[in-house]
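The values are calculated or read from the model by the stated rules, or taken from the named source; none is laboratory data. Only a predicted model underlies this, so the values are computations on that prediction, with no experimental measurement involved. Cβ: placed from backbone, ideal geometry, glycine included. Neighbour counts: every protein chain shown. Protein only, heavy atoms only, side chains kept; ligands, DNA and RNA dropped before computing areas. Shrake-Rupley method; radii C 1.70, N 1.55, O 1.52, S 1.80 Å.
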Amino acid sequence: MGKGIQPVSYRIEKGLHALLAAPAVLGLPSSAQAASFQSAQLAGTAPTAIALGAVAFGVAATFLAIRYRRQTEEIRKTADSSILELRAALDEFETVLAGMPEVTVIWHEPGGEPRVFGRIAEVLPLAKQARSVLDLASWLDDADANALARRLAELRVEGKGFDLTVTSRDGRSVRAAGRVLGAAAVLRLRMAKAGLAGSGDNLKPEDMADIGSAKAIFGLLSKPAWIRDANGRLVYGNPAYLHLARTLGKWEPGGELCEIFDAPARARHMAALEKAGGTVVIGGIKLPESGLSDIVMFTVDGGTAGYLRTQGTTASGDSANLGHLAGIIDALATPVAVFDARRQLIHFNRAYAKLWDLDPEWLRSGPDERAVLDRLRTQDQLPNEADYRAWRSAHLSAYSLSAPREESWYLPDGRTLNVIAAPASANGGVIYLFEDITERLALETRYNALIQVQRETINALSEGVAVFGTNGRLRLSNTQLSALWKLPINELGRNPHIDQIAEACASSLPEDGARIWRDLKRSIVDLDPSRPDSSGRLERSDGRLVDYAIVRLPDGQTMATFVDVTELANYQRILKERNDALITADRLKDAFVQNVSYEFRSPLTNIIGFADLLASGEAGPLTERQRAYTDYIRSSSTALGVLIDNILDLATVDAGVAELDIGEHDIGDLVEKARAGVAGAFAATDGGKPLNLAIDLAPDLPRLQADGTRVVQILYNLLSNAARFSEPGAEVRLSVKARGGHVLFVVEDEGAGISEDMKAAIFQRFEGQAVEGRQRGAGLGLAIVKTFVNLHGGTVRMEAREPHGTRVTVSLPAAHSAEIAGVAE
């Protein structure tokens with residue numbers, strides 16, 4: 001801060017000197033006048049200079065404070081990042097130390113609390129707390145405990161390192177090494193290595209001349225071993241011996257050593273050893289978890305020693321027993337790993353290394369299975385378990401198995417493994433097979449979901465469904481099958497044979513249930529690949545009608561479906577009877593209408609004749625009113641005649657006997673006949689307005705090949721329909737022209753028009769009788785028009801005119817063809 005301010009003070013001092021030197025520069029006198037002048041000048045400028053200096057000082061101080069703050073923030077961020085990295089590195093180092101097959105104790109301060117890392121069980125198998133390793137007297141012999149305590153004191157106080165081997169109370173050799181690393185004192189404990197086979201098959205009695213040597217070697221042995229003093233009293237048992245004694249129920253942790261052999265057996269063993277004179281092998285010993293074993297006994301200085309050895313093993317141990325299987329294991333695509341009784345990996349295949357992504361070279365070094373599991377755990381490749389140690393202990397219990405065991409591992413990456421553990425050999429050990437069943441489970445899940453959907457689907461069907469396998473057993477069914485054949489659902493769920501279903505139906509339908517299913521069996525249980533599907537109807541004794549269908553499925557199975565059609569058959573029978581009755585009634589109606597219409601013709605002819613006679617005046621003159629009445633009679637009679645003709649024509653068409661009398665006709669003559677008929681039917685009566693009918697014939701009309709009578713009927717019905725639906729006196733126009741081999745008859749009126757929804761129905765019978773805004777009619781005229789137009793092979797179209805009115809266009813072929821003549825639609 002001081003260095004930052006110095007330039008500013010320097011500038012202020014320089015400014016003051018410049019002010020003091022100003023008179024000389026300006027040429028003022030340097031005498032007392034000059035001195036007084038300078039004093040006056042300084043008195044005037046001093047406040048300004050002080051203020052400027054204060055401002056400059058404040059600016060510089062603010063700038064330096066901001067810069068210092070930024071530097072401090074950057075340093076803090078760098079420190080935080082370094083702390084995080086150091087913490088991560090520390091966690092990693094602690095994890096490595098905790099996974100090492102040794103125990104590490106670190107004292108950071110001479111009087112501070114130590115920190116313990118590593119697997120305590122490697123040194124103290126029965127210890128439950130890490131600090132137990134520092135209670136030296138609890139697990140070391142007194143002499144070794146005192147020696148190690150003295151060396152530790154020298155290490156922590158004087159910084160002297162050491163290396164020594166101590167012996168635990170259970171006879172195991174432990175290597176202890178002390179070092180000073182920086183300001184910390186470090187103790188490392190690990191099991192001493194020995195060149196002995198863990199199975200005990202390579203032990204040499206001459207290597208164990210005294211009890212101490214025997215304890216050290218037996219502590220490394222994976223087989224039960226013991227030592228007796230000169231009086232035959234048991235003085236030592238290794239961990240395998242203690243485990244066997246506990247299995248036999250003769251020892252509890254913390255208790256005294258006990259014998260696993262009874263007194264007579266011990267007497268026989270000692271007698272055999274004495275007789276052999278140094279070393280004896282006693283065979284045929286059967287103990288739990290040991291198989292058929294041999295007892296190897298020999299004398300040592302101060303007593304005797306003995307251990308159990310698997311009977312019939314060779315010096316090469318488990319690896320030799322795998323010699324004939326190694327090639328097979330290597331060729332397998334299934335991951336396989338073999339561990340011996342000491343939990344050391346003795347064989348694996350490439351699939352195993354690939355499954356766990358482990359270095360083959362490291363695997364060939366024969367790591368302990370616990371080390372393999374710990375490495376897999378650090379790689380996050382083991383199942384997530386809250387208590388990893390308990391899970392690992394349960395997994396390692398496979399070394400005591402007498403039969404294969406299966407379990408499922410659900411890995412964090414989503415894979416599922418089926419892990420099979422089986423005893424490797426009589427010497428102990430485990431063979432592991434790892435089967436990746438992830439895809440199989442996924443397929444099973446999808447298959448089960450598909451089956452469930454299929455089952456729910458067929459249960460929702462109204463038909464009874466049964467699927468039979470090629471062996472005749474029911475594979476799939478639904479609830480409707482049970483209800484239809486009165487079978488218990490639980491019986492169908494047991495996949496019965498079709499013969500069993502027939503027996504069950506014999507109880508529910510005693511009269512014909514068994515017979516029906518025996519007949520169905522011939523089609524269901526048939527291995528002929530060319531057999532066709534079948535179907536039919538069953539009439540049961542209880543009155544039910546059942547339709548069945550038997551279909552062969554692509555996989556060779558057979559599906560049978562059953563539908564209760566009793567109600568449907570009854571409805572069909574009723575509908576058929578009603579239809580037959582309606583057909584009969586329609587025939588009677590047609591016959592009645594035809595007969596009555598013919599009967600109407602004779603009196604109608606008389607009415608028309610006498611009306612014409614009265615209108616002619618031959619019977620005498622008529623008054624105006626009488627003449628109006630006569631005109632009404634004549635027009636109504638004409639309309640009635642046309643109606644009767646229409647009814648007879650429609651009856652002829654319905655009977656299928658309608659025929660056309662084709663001939664050549666002059667279109668003008670046909671139009672004139674239609675006009676005359678309409679004029680007579682719509683003659684002015686009682687002072688009413690006459691029909692205003694306009695005819696427009698094109699000059700180049702061809703001769704028409706058609707049934708003249710039917711064409712006149714067509715035109716008459718069109719014109720009368722237009723006149724009926726028009727106001728009195730309104731114009732009705734008929735235009736005739738030729739176009740493209742057809743003759744077009746166009747009838748237009750000035751009525752109210754027709755809506756879009758009535759166009760399709762207007763040509764139906766009895767539909768044109770009540771159109772809004774028009775007069776009522778019989779509703780047969782336009783039906784007759786469409787019928788006879790279709791018989792001629794023509795078309796009829798109706799459309800609205802603008803601004804009002806209706807236009808009907810009939811197109812008839814000018815040249816008749818027999819191929820287009822037929823029954824009207």
- Task: List every residue pair whose Cβ atoms lie under 8 Å apart, where the two residues are 6 or more positions apart in sequence or sit on different chains, the first residue falls within the range 514-526 and is farther than 14 Å from THR470 by Cα, and the second residue, located anywhere, is basic (Lys, Arg).
- Result: ILE516/ARG540
- Check whether at least one residue in the range 354-368 is touching a residue at least 60 places away in the same chain (Cβ under 8 Å) and open to solvent by less than 30 Å² (accessible area, probe 1.4 Å), and report yes or no. yes
- Message: I need the full set of residues from the range 424-449 which are open to solvent by less than 50 Å² (accessible area, probe 1.4 Å) and assigned to a strand (DSSP E or B), in order please.
- Response: VAL430, ILE431, TYR432, PHE434
- Could you please let me know if ASP669 is outside any helix (DSSP H, G or I) and either closer than 16 Å to SER811 by Cα or modelled with pLDDT of 85 or more (or both)? no
- When restricted to THR806, THR787, THR795, the only residue modelled with pLDDT of 65 or more, more than 22 Å from LEU643 (Cα to Cα), among the polar types (S, T, N, Q) and surrounded by 22 or more Cβ atoms within 10 Å (Cβ to Cβ) is THR806
- Item | Scope the range 332-353; condition open to solvent by less than 90 Å² (accessible area, probe 1.4 Å) and either more than 24 Å from PRO423 (Cα to Cα) or among the small types (Gly, Ala, Ser) (or both); matching residues | ALA337, ALA341, ALA351, ALA353
- Among the residues of the range 330-350, which ones are free of Cβ contacts under 8 Å to residues at least 24 places away in the same chain and not in a loop (DSSP other than H, G, I, E, B)? ASP330, ALA331, PHE348, ARG350
- Query: What single numbered condition from (1) of a type in the set (A, V, I, L, M, F, W, C); (2) under 20 Å from the mean Cα position of the chain (by Cα); (3) in a loop (DSSP other than H, G, I, E, B) fails to hold for ALA403?
  - Reply: (2)
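For the range 523-618, please list each of the strands (runs of 3 or more DSSP E) lying entirely inside it that holds at least 1 residues being at pLDDT 85 or above and among the polar types (S, T, N, Q).
Working: elements: 534-539, 545-552, 558-564.
Ranges flagged: 534-539, 558-564.
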- Do we find that ARG76 is modelled with pLDDT of 80 or more, surrounded by 10 or more Cβ atoms within 10 Å (Cβ to Cβ) and not in a strand (DSSP E or B) in this structure? yes
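Could you check the range 111-225 for helices (runs of 4 or more DSSP H) lying wholly inside it with 3 or more residues that are surrounded by fewer than 18 Cβ atoms within 10 Å (Cβ to Cβ) and modelled with pLDDT of 75 or more? Give the steps one after another, and end with the answer.
Values: elements: 136-139, 142-158, 211-218.
Fully inside the range 111-225 and qualifying: 142-158.
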- Message: One residue is enough: does the range 410-417 have a residue meeting the conditions open to solvent by less than 80 Å² (accessible area, probe 1.4 Å) and on the phi > 0 side of the Ramachandran plot?
- Response: yes
